[in-house]
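These notes concern the structure reproduced below.
Each value in this text was obtained by applying a stated rule to the coordinates, not by laboratory testing. All values reported here derive from a predicted model rather than from experimental measurement. For neighbour counting, all protein chains shown are included, and Cβ atoms are generated from backbone atoms with ideal geometry for every residue, glycine included.
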Amino acid sequence: MKILKNIILALIILMVALAVIGLLLPRMSNVSRSTVIQAPAEVIFTQVNDLKKNEAWSPWKDPTMKLTYGPVTEGKGAVSSWVSKGMGSGTMTIEESVPYSAINIGLDFGGMGKSKALWTFVPESDGIKVTEVMVNDAGNNPVRRWMNLMSEKWIGPYFEKGLAALKQVSETRAAEVEKEKAAAQLAAAAAAVADSTKAAEAAAAAKPAPAHKKAH
């Protein structure tokens with residue numbers, strides 16, 4: 001019995017020590033990853049700003065995930081929620097959306113707390129530098145402060161996977177847009193030639209025939 005009491009006492013002391021140390025750990029955590037994408041900023045921005053388009057590149061999805069959307073799915077006020085065996089449940093809301101420049105997202109993980117996700121899109125010589133940042137405030141919760149220490153290891157690889165997929169989707173879409181523009185230009189040029197030909201034919205048809213001179 002004495003051994004059991006000592007074990008329980010040791011566990012209590014350990015838990016108290018961990019809680020005290022936890023309160024001394026940093027309250028905030030910040031995980032950031034960047035990549036350069038060779039696509040117009042508006043193409044990349046739309047993939048993030050439109051929550052339904054996130055499905056094409058998001059690293060967080062799994063086969064069990066069920067997504068639902070609010071009445072707004074793009075830009076400020078857009079909301080999506082998820083339920084998943086692997087990723088739990090939560091809600092994301094676009095709180096600010098500055099076209100082709102920045103997006104701020106609020107993340108609510110229910111009992112797991114809340115976080116902020118920040119996106120920036122900065123033009124560079126070789127493309128658009130896209131940066132994704134997650135900021136987590138653990139408050140005075142010692143458990144969440146301990147978890148903050150693992151944020152880089154847990155979240156960083158997901159960011160890298162997501163940015164790689166976003167790069168592929170955006171660059172593919174950019175190539176499609178260029179093809180669509182070229183096809184539209186060719187169609188417009190062909191239409192202009194056709195209109196010009198019709199106008200010339202109409203003008204020729206409307207021109208009076210030359211009068212014949214009478215023989216003396």
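Annotations
- Here's the list of lysines a cross-link from Lys61 could span, going by alpha-carbon distance under 26 Å and ignoring same-chain residues fewer than 8 apart: Lys52, Lys53, Lys76, Lys85, Lys114, Lys116, Lys129, Lys153, Lys161, Lys167.
- Rough spin-label spacing in nm, given labels placed 7 Å along Cα→Cβ, for Met87 and Ala175: 2.6 nm
- Förster radius 45 Å - calculated FRET efficiency between Asp126 and Lys198, Cβ distance, rounded to 0.05: 0.45
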